[in-house]
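Note sheet for the following structure.
The values are calculated or read from the model by the stated rules, or taken from the named source; none is laboratory data. Everything numeric in this text was worked out from a predicted model, so none of it was measured. Note that we place each Cβ from the backbone using ideal geometry, even for glycine, and neighbour counts take in every protein chain shown.
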Amino acid sequence: MTLRFIRPETVREAMEVLHEHKDNSKIVAGATDVMVQRRSEKPVEEKPLLLVDITGISELSYVNFQNGIVRIGAMITHRDIARSAVIHDVAPFFADACLSVGSPQIRTRGTIGGNIVNASPAADSLPPLTALSARLRLISRRGSRDVALCDFFKGPYKTIIEPDEILKEVYFRAPEPSSRCAFLKLGRRESLAIARLSVAALIDVDDSGKISKAAIAPGACLPMPARIAPAEEALVGKIPDEEVVNSASQEVGEEMVRVSGVRWSTEYKKPVACALTKRAIWKALGVDVD
Amino acid sequence: MKVNVCLFGPMRKYRDKDKFQLELEEGATLARLLDHLKIEDRIYIVILINGRRAYEDEPLSDDAEVLIMAPTGGG
Amino acid sequence: MTKTEWVGADVIRIDAKDKVRGVLKYMSDLSFPNMIYGAVLRSKHPHALIKKINTKRAKELDGVVTVLTHEDVPGLNGFGIAIPDQPVLCSDKVRYMGDAIALVGAESKEIAERALELIEVEYQPLPVVCDPEQAMLSSSPKVHETGNLHNHVKIERGNVEAAFKEAQVVVENTYFTPRQMHAFLEPESGVAAIDEDKNITIWCGGQHPYRDQLQVARALGMNPRKIRIVNTPTGGAFGGKDEITVQIHLALLVLHTGRPAKIVLSREESVIAGMKRHPMRIHMKTAAAADGTILANEARVVSDTGAYASLGGPVIGFAIEHSCGAYRVENVKLEGFCVYTNNGVAGAFRGFGANQVTFAVETQLDMIAEKLGMDKLEIRKRNALRSGDIAALGHQMEASVGLLRTLEAAENSRLWQLKEEFKAKPSAPHKKRGIGIACSFQGCGLGKGLPDYGAASVELLPNGQFAIGVSCPEIGQGNTTAFAQMAADYIRCSVDDIVVLSGDTGHTLDSGTSTASRSIYTGGNALKHAVQNLHNAISPIAAEILCVPEDDISFGHGKIVSKSCPDKILSFKDIAEYITARGLSIKSEGHFIWPVSETELEGYVGIPHLLYSYITQIALVEVNTLTGETEVIEAVSVPDPGKAINPQGVEGQSEGGVVMGMGYALTEDTIIKEGMTLTRNFSTYILPTSLDMPCKIETIIAEELEPSGPFGAKGIGEAVCVPISPAITNAIHDAVKVWIKQIPATPERVYTALKSREVS
Ligand SMILES: Cc1cc2nc3c(=O)[nH]c(=O)nc-3n(C[C@H](O)[C@H](O)[C@H](O)COP(=O)(O)OP(=O)(O)OC[C@H]3O[C@@H](n4cnc5c(N)ncnc54)[C@H](O)[C@@H]3O)c2cc1C
């Protein structure tokens, strides 16, 4: 009825189609978000929507590691990431995050590109990618541009992507081999669970035992992904102990309340966000608390 | 012929007793019995003749035991 | 009884191969040529008057075949097992968001759905009745003209006040239970067709084809015999398909169009319109003596049945019957209220009111044990009902009573024996472990007041096999396999020679519902009589062939043998060929009426029961003190099903029951605010997944044979999901010392309880 569908096989072809139909097209990758959202949308008769299915574009499926940079094509699935030797090697918390997505079916269909562009505050790949200071490459017939992940989001489910643009890849510099990381997620059950809270922690400790670098990025408690500078500052330059880790964790709870305000769930979420952060930091430091 | 009738649940409202004997003419059907008892809701009704589920058009026999109820129970 | 060959064996389910290969066709998989698709217009308001319904624009849409409203219901515009208070299609008023107002039949599902948007309904919204306590006040707006109190049950025995005075401990608490969803995989759905003589056949998931037949007939004003209902196979029901779902709508579509029709509810529609478990508020005051003997129990139970009665009346009665647990209590004051609101609609659900009150009473018992410093298992043993005891409603336990047997087996389980070891090793320092135990009993059958009956048929087929017919549908629980096993042992043939007909008013006799833990007991007993009649029909023929007297014939191991001359042997195939050649057939029937309790409670139907299944369950949990999350690590489930006809089937029920009861205890709740359902599908209604299941569920079957049951069987479909919920919440208390009085025990609730404990 009001739906048209096209399945380009090259990036070039896709860019043409998007250019031509920029006011009424929508990219579909794994469709695990698109299909759910479409069910609740009212069809508009005058403007039949053109679904541009990019699953046939093999150019968008790759994981590269060159010159210290990891590049992941937008069509790479959560399952691919969870099984990628490169990711396990350079950023295992990113693999953990993707492994926590949905169920085997969802991980097999859902793509990293879709997870990013959908821009859900609870998207599981975003905390580790934020902690890794990832960047995105967007392409269109007009050319290409690179943006930092943290500048990509405007709010929940809102990004700066233009209707004719395709997310080509997400990339990040591999952390120092000495650095350690952790991702923890709190859901309502063991699988098929959207994060109620999550935390990604990436930490490097120097020879003297002091924390030299720290990136703390919570998920599901902020409108869009962000690192928590006060928490990181509380860690850097310190020898991690109970007090240091506690005060850094406390900052995450404070930031959550500062950004999102006090809600009915705050009484629960704030202390639990602190507790989760604390465990993530310790886990990243190699002290397994689970 | 004589039939023994038992009314259950909401069907009790049709008689002051829930167990009684009735004299009916030979060859009477169940429908005749229901007429006699002035039972209104003839559709949502379950009748057992000698323990066997029966519908209105079935004949009754002498000394038959007829249980009449509506299937309103649950569990 | 001679040794059984099939009963008691793990016979592979007769539907297993087709189900695992995905070739079995459920009702929603069926299609007919020229079939139309039905869609239902649901209410836009939880409570409103309907001022006007205009279907003109919808009717004009291309591809729309028919649009039906209340004016098109030829018979009674109402349905409901107990009272027909739910309109088939609403005419003047809507009482919940699931209320049906119009019915579209169209060439495709998409067109039908588009047509729904073109139907104009003018509403005059009314104040929404959401709180059952408030609903009972005379100042409350009325959901039904008759008032909001649908059913009131009050039972008093002995003197509770005196007992409270003399007691060593008295505990008094208020409990809240959630609106659990049946969550069957196959939503309410079916297909229907009509022939030239206006005979209608409806293939639809359901739990009692013969009652569906009457409800459809009543709404159509038709002779029930012109309606055939087929309920097997049903893709899960759990009580949620006991009431009419789409049957009448299907019948209306085929009646008005003459074409086959199909309706499949979406999950959202199923969630909004379908049945739920009654949320209850339970105030309970329980007294015990110093030795743990329960002296008195007082309960006030308020049950939210939502917009319509369905089985809300019997459910509150059942809840009251089970509100003192499976224990002797001499002084009781029990009061139940079943109340109308605009909160969806609640009805039958596995456990039938026992789940809610068992959560309360089993928590009370743990509190008492703790105050007295008593062992949690010991206090249950002390009070456990035994054969001959008088139960809470004043009725005597006349049938088999297996509670003590289940408690003893639970006590000997590995988990209970080594409980301190299990608890000592949490997986992280911030996690705490606990073990909880709980018991319950479950009335089987429909109880006192209406005869519970059933029938079965057995036919010797020309190839020497047997077709048995029982109308209790196969809803996934495995009863067809159990029927085959019992029939094989009664007939004395191989289970492979049994063909089971099930759940079809066209081909099986009325055996009542697949509910109330009753189908094995009913079907088995009816089969027993049917096989006696079958043997009686075969004997003279065998005697004739073998030239021996009739009383010389015996049946054994697939053979018919002369007792006096054992080398004179016939197979069932010989008999079949003999009669087929003579144009004869052998088909017999068996009829059975349930025995009932001697006790009659004036004014009540459905209580008390005579027969109960019993169960003890244990849970080992780990509570995360930082997040409030609870994980059930292991569970032990000790059911007394009477004879386990198929032990593997009992284990399957037991494991599924444990997980269902775990969801009830920890995560599941259909949240309705101001009459609006917020948890509309499985992304927000949190069912346990396979990864949430306990790593281990040990089922120990404790058979207490029931003399009146087929091979000693009772029923087990429901009890298995009941005490596990309080076993889990009691285990939470054991772990972190907070009492859970409201389920589900979500992380927030547990966390908040932990915090307030720290504060106080
Ligand atoms: C049952 C279920 C469970 C889920 N569980 C989780 C979970 O646990 N954690 C989680 O994070 N998510 C979860 N999700 C959400 C979803 O699966 C993920 O967000 C997934 O990564 C989306 O990827 P996709 O390829 O399916 O995206 P699609 O649905 O195809 O697209 C999503 C959005 O991204 C856009 N898009 C996709 N690719 C591109 C591209 N290359 N360039 C430009 N725009 C693009 C689309 O236009 C659309 O707006 C779940 C979803 C379901 C249905």
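Quick one: is residue C:530 hydrophobic (A, V, I, L, M, F, W, C), assigned to a helix (DSSP H, G or I) and within 14 Å of chain B (Cβ to nearest Cβ)? Yes; evaluated as a whole, the condition is true for this residue.
Taking the criterion of being touching a Ser or Thr at 6+ places or on another chain (Cβ under 9 Å) and within 12 Å of chain B (Cβ to nearest Cβ), the residues of segment C:567-602 that qualify are C:589, C:590, C:592, C:594.
Here is the figure for segment A:64-86: residues that are more than 15 Å from the ligand (Cβ to nearest atom), surrounded by 15 or more Cβ atoms within 10 Å (Cβ to Cβ) and not in a helix (DSSP H, G or I) total 3. Among the residues of segment C:629-639, is there at least one that is within 14 Å of chain A (Cβ to nearest Cβ), touching a residue at least 24 places away in the same chain (Cβ under 8 Å) and either assigned to a loop (DSSP other than H, G, I, E, B) or on the phi > 0 side of the Ramachandran plot (or both)? Yes, that holds for at least one residue. When residue B:30 is tested against (1) touching a helix residue (DSSP H, G or I) at 6+ places or on another chain (Cβ under 7 Å); (2) aliphatic (A, V, I, L, M); (3) closer than 26 Å to residue C:505 by Cβ, just one condition goes unmet, and that condition is (1). Could you please let me know if residue C:477 is more than 10 Å from every other protein chain (Cβ to nearest Cβ) and crowded, with 23+ Cβ neighbours inside 10 Å? Taking the combined requirement at face value, the residue satisfies it.
When segment B:40-50 is filtered for residues that are surrounded by 18 or more Cβ atoms within 10 Å (Cβ to Cβ) and assigned to a loop (DSSP other than H, G, I, E, B), the ones remaining, listed by number, are B:43, B:44, B:45.
Quick check, is residue B:49 over 11 Å from the mean Cα position of the chain (by Cα) and among the β-branched types (Val, Ile, Thr)? Break it down into steps so the answer makes sense when it comes.
Details: over 11 Å from the mean Cα position of the chain (by Cα): no; among the β-branched types (Val, Ile, Thr): yes.
Judged against the criteria, residue B:49 is not a match.
Condition check ((1) in the same structural domain as residue A:92 (by TED's automatic domain parsing); (2) assigned to a helix (DSSP H, G or I); (3) away from the ligand (no atom under 12 Å from the Cβ)) across all residues:
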site	(1), (2), (3)
A:9	no, no, yes
A:13	no, yes, yes
A:16	no, yes, yes
A:19	no, yes, yes
A:22	no, no, yes
A:26	no, no, no
A:32	no, no, no
A:38	no, yes, no
A:47	no, no, yes
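From the set of residues in segment A:206-223 that are over 18 Å from residue A:128 (Cβ atoms) and part of a loop (DSSP other than H, G, I, E, B), which is nearest to the other protein chains (Cβ to nearest Cβ)? Within segment A:206-223, the match that is nearest to the other protein chains (Cβ to nearest Cβ) is A:223. Does residue C:328 satisfy the condition of being more than 15 Å from residue C:143 (Cβ to Cβ) and free of Cβ contacts under 8 Å to residues at least 60 places away in the same chain? Taking the combined requirement at face value, the residue does not satisfy it. Whether any residue in segment A:218-229 is free of Cβ contacts under 8 Å to residues at least 12 places away in the same chain and outside the structural domain of residue A:33 (by TED's automatic domain parsing) is what I want to check. Checked segment A:218-229: at least one residue is free of Cβ contacts under 8 Å to residues at least 12 places away in the same chain and outside the structural domain of residue A:33 (by TED's automatic domain parsing).
Looking across C:470, C:458, one residue alone is at pLDDT 95 or above and within 30 Å of residue C:354 (Cβ to Cβ). It is C:470. Taken over segment C:699-715, the criterion of being in a loop (DSSP other than H, G, I, E, B) and small (Gly, Ala, Ser) is satisfied by C:702, C:708, C:709, C:715.
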